[in-house]
Amino acid sequence: MRKDALSIPASSSLSIIPSQLTSADMSQAARLPPSIERTLARFRALGREEKMQSLLAYAKKLPTVPDHVMAAAGPGFEIPECQTPLRILPELRDGRMYYHALIDARQSPTVAAFLSVLLSAVNGERPDVTLAIPEDFVRTVMSSMGLGTREVGLEAIVARLKRYAREAASQS
């Protein structure tokens, strides 16, 4: 196992308003996990100020890293492409992936909000759910949530999750 792959042994309901979705949104939504579909539809319906408030709320929802994961985490989990200091700590438990983000949510609320939305959709799922995240996912999220110029770092986060999922799937 590589030093940056972590395997630990077993130890808001929002609704989509169809009239607000374009045909491009509908084809994209068909490929996204339902929780992300609902969240993005909600963000598309909000004004700029409401989006910022919602991003802060999502950033606050990002769970803290459990002690058993922190204890097993060594070096090598950083995402250097992300401007924000960030570590993604993967956990494989009973064939399901759990990703944990070590980030200062107060310093980087937009990245923490992105992580909160993304991890809520893939945590507790089999690796294939993470691997099925579409290539244009980050661009879709950025345009819906108003995340500006964070594409390189956000793409790196998704790529890292997929790498961990591939490694976990190969262990199964």
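Of the residues A113, A105, which is part of a helix (DSSP H, G or I) and over 16 Å from A159 (Cα atoms)? Reasoning before the result, please.
Numbers: A105 fails: part of a helix (DSSP H, G or I).
Selected residue: A113, the only one of A113, A105 that is part of a helix (DSSP H, G or I) and over 16 Å from A159 (Cα atoms).
Within the range 21-34, take every residue that is in a helix (DSSP H, G or I) and modelled with pLDDT under 75 and give me the one that is farthest from P109 (Cα to Cα).
Initial filter on the range 21-34 (in a helix (DSSP H, G or I)): 23-29, 34.
Restricting the remaining residues to those that are modelled with pLDDT under 75 gives 23-29.
On the way: S23: 30, A24: 28, D25: 25, M26: 28, S27: 29, Q28: 25, A29: 25 Å.
Checked the range 21-34; the qualifying residue farthest from P109 (Cα to Cα) is S23.
Of the residues in the range 46-101, how many are part of a strand (DSSP E or B), touching a Ser or Thr at 6+ places or on another chain (Cβ under 9 Å) and surrounded by 15 or more Cβ atoms within 10 Å (Cβ to Cβ)?
7
Would you point out the residue of the range 121-147, among those that are assigned to a helix (DSSP H, G or I) and out of contact with any Phe, Trp or Tyr (no Cβ under 9 Å at 6 or more places or on another chain), that is nearest to P66 (Cα to Cα)? I'd like the intermediate steps shown before the answer.
Of the range 121-147, the ones assigned to a helix (DSSP H, G or I) are 121-122, 127-131, 137-145.
If we keep only those that are out of contact with any Phe, Trp or Tyr (no Cβ under 9 Å at 6 or more places or on another chain) too, we end up with 121, 128-129, 131, 137, 139-140, 143.
Working: A121: 18, D128: 24, V129: 22, L131: 24, F137: 27, R139: 30, T140: 30, S143: 32 Å.
The selected residue is A121.
The values are calculated or read from the model by the stated rules, or taken from the named source; none is laboratory data. Computed from a predicted structure; not experimentally measured. We place every Cβ from the backbone using ideal geometry, glycine too, and count neighbours over all the protein chains shown.
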